[in-house]
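Step one of this worksheet: look at the structure below.
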Amino acid sequence: MQSLASFTMRGRSQATLVAAASAMLSLIVPLVGLISSAVIALVTLRKGAEEGLVVGAFAGFAGGLLAFAALGSPWPAVGFVLILWLPVWVLGLVLRQARSLTLTVQVAALFGLLVVAGIRLLAADPAADWMELLEPVRRSLVESSVIDAAVSEQLVARAARWMTGAFAATFYLQLLLALFMGRWWQALLYNPGGFGAEFRALRVRSGVAYPALGLAVVVLLLDEAMWATELLLLLAPLFFLQGVAIVHSLVHTYSTHRGWLIGFYGLLLLATPYAEILVAGFGFLDSWVDLRTRVAARKKG
């Protein structure tokens, strides 16, 4: 990754090439799209807003030509520019100016809020639209005898109610992953270890935790308050990231073998979504009790 980041920072043409090529490759391997967005983040963080915009524009044009040649339409490249690169550019600019990863993470949640608002404006009944989109999946599972037809209808109906918030949360979490990758690249090249220290210090303040607590109460008391559910889902990734930061901080404080981190991420994959909920719970608790400071003080004592 360091060699790729180094190649990207050699000049505008190299950054454009990496961003455009990885964006097109993501049509085959979706996760490669994070690299294209990370390039925009890295250039913006290191060289400023103007250079980030220029690289994004050039990469969008180059990607449009590639998409037109391969698919007969430039729209996939336009989608990358407007939906992924532009928000990441904004986040990179916020982080560059404010030098606060916590503030930037919270700003990212606003993009999720825009997604929820957009879906609400465009769809009269978002849950019904999600059920329609999920119907082919439900039918294939029933035909494969994976799940009973009656049970599948209940599960899809329940999932459809959560999909708007979950989709918005996943969207801005993807933006943050790209930003983190760009910040990590910047640290590898110019400030070794800097991103690790920055991420371990990530802590969402109680000013965000209190609204989350209020939304949780509303969700428990009012089953039909979907707006509260969607907003709570938007805030959940903030506390999940904070919980992950706590784990990294504990491993660093006690100089534990990195194998613990590998096991931790493996658990997140194997025990989805229960492990994520538990980690987010620790992050939520940390907003009040500051677990890392208490652990550090106990270790010194």
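What follows is calculated from the coordinates using simple rules that are stated; it is not laboratory data. Just so we're clear, the structure is a prediction, and the values are computed from it rather than from any experiment. In this analysis, Cβ positions are derived from the backbone assuming ideal geometry, glycine residues included, and neighbour counts consider all displayed protein chains.
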Connecting C-alpha atoms closer than 10 Å in a GNM of the chain, tell me which of V247, V146, V279 has the biggest fluctuation.
V146
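What shape does region 202-301 take by its C-alpha gyration tensor, where a ≥ b ≥ c are the square roots of the eigenvalues and a/c under 1.5 counts as rounded, a/b above b/c as prolate, and the rest as oblate? Spell out each step's value before the answer.
Working: a/c = 3.36, a/b = 1.63, b/c = 2.07.
Judged from the Cα gyration tensor, region 202-301 comes out oblate (a/c at least 1.5, b/c at or above a/b).
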Checking region 56-157 for trypsin sites (Lys or Arg not before Pro) in a loop per DSSP with at most 15 other beta-carbon atoms within 10 Å yields R99
Of the DSSP H helices in the chain, those whose Cα atoms cover at least 15 Å axially and whose Kyte score averages 0.5 or more:
12-25, 33-47, 49-71, 86-98, 101-122, 149-190, 206-221, 226-253, 259-270, 274-289
Say R0 is 25 Å: what FRET efficiency, to the nearest 0.05, do D223 and L269 get from their beta-carbon distance?
0.20
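Can you give me the relative contact order of the chain as a percent, contacts being Cα pairs under 8 Å and 6 or more apart? Before the final figure, lay out each step's value.
Values: 340 pairs, mean separation 50.6, N = 301.
Rounded, it is 17 percent for the chain.
Among S37, S152, S206, rank each residue by its count of other Cβ atoms within 10 Å, from fewest to most, as a rough exposure measure.
Details: S37 29, S152 18, S206 12.
Lowest count first: S206, S152, S37.
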The chain, Rg to Rh (Cα coordinates; Rh as Kirkwood inverse mean 1/r)
0.99
So, in Å, what gap is there between the alpha-carbon centers of region 185-223 and region 224-301?
9
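As a footprinting exposure proxy, order R205, R183 by other Cβ within 10 Å, with the fewest listed first. Display every interim value, and only then the final one.
On the way: R205 11, R183 25.
Going from sparsest to densest Cβ surroundings: R205, R183.
Take L238, L101, L261 and order them by how many other Cβ atoms sit within 10 Å, fewest up front.
Fewest to most other Cβ atoms nearby, the residues stand as L261, L101, L238.
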